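The values are calculated or read from the model by the stated rules, or taken from the named source; none is laboratory data. Just so you know, these numbers come straight off a predicted model, no measurement behind them. In this analysis, Cβ positions are derived from the backbone assuming ideal geometry, glycine residues included, and neighbour counts consider all displayed protein chains. To get the accessible areas, we keep the full protein, side chains included, count just its heavy atoms, and leave off ligands, DNA and RNA. Shrake-Rupley method; radii C 1.70, N 1.55, O 1.52, S 1.80 Å.
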Amino acid sequence: MSIIPFLIAAVVLAITPGPGIAYVVARTVARGRAEGLASCLGTGLGGMLHVLAAALGLSLVIAQSAVAFNLLKYIGAAYLVYLGIRMLLRKEQPVLAETESMQGAGRALVDGIMVEAFNVKTALFFLAFLPQFISPSQPLAPQLVLLGSICVALNTLVDVVAVFVAHRLLESGTARAARARLMNRVSGVTMLGLGAFLALARRDT
């Protein structure tokens, strides 16, 4: 494997702002750091599903089948739109109790897994990116799993940093409640935008 060039490319891609960072930040400003971190874990687990799918050849099937691609694409887009609408319609609530916070984190974990699992752009990314750094003389699946896991770990680490930064910014200042309401609306619109972005994804991009 071409590990050094791969690591350089993977780090650059991880720190480049994209839909993944936008999603976890939106979740953080809408519901707090606990849900933001749970979302990071969820998207990381969802990313690992794509890694395993790539290793098993399922991503190739998605890439070659317009029906499979569009089905997963629209399911994922609809789920993001649903999350966005739910954020926009949610009424302001007092600070959550610990048990409610834990329930919210659990829901955020599941949402993160589903959002990433239905993101066909991730599947096509792994299919197009990882084979460039593998050795043809070695077994394919273990190399794909290793490189894909590194990508997911780097992306998740960057997402976690973004969550802490967003939480820190939300806590600072005096107009915390007003800013929280505004950012909650922004988060909902961000989810809707991500859903539209996913719905308009093309198989050749």
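Some notes on this structure:
- So G42, is it open to solvent by less than 30 Å² (accessible area, probe 1.4 Å), under 15 Å from N119 (Cα atoms) and within 10 Å of the chain's Cα centre (by Cα): yes
- Exclusive hit being touching a helix residue (DSSP H, G or I) at 6+ places or on another chain (Cβ under 8 Å) and modelled with pLDDT of 80 or more, set L124, L144, L170: L144
- When residues of segment 79-101 are limited to those that are closer than 24 Å to L49 by Cβ and open to solvent by 60 Å² or more (accessible area, probe 1.4 Å), the one modelled with the lowest pLDDT: R86
- Of all the listed residues (L192, L200), the sole one being exposed (fewer than 15 other Cβ atoms within 10 Å of the Cβ), aliphatic (A, V, I, L, M) and at pLDDT below 85 is L200.
- Condition met for V161 (among the β-branched types (V, I, T) and either within 25 Å of N70 (Cα to Cα) or in contact with a strand residue (DSSP E or B) (Cβ under 8 Å, 6 or more places away or on another chain) (or both)): no
- Considering residues of segment 1-29 that are of a type in the set (V, I, T), modelled with pLDDT of 85 or more and under 23 Å from F118 (Cβ atoms) only, the residue surrounded by the fewest Cβ atoms within 10 Å (Cβ to Cβ): I21
- Residues within segment 110-147 that are part of a helix (DSSP H, G or I) and out of contact with any Lys or Arg (no Cβ under 9 Å at 6 or more places or on another chain), tallied: 25
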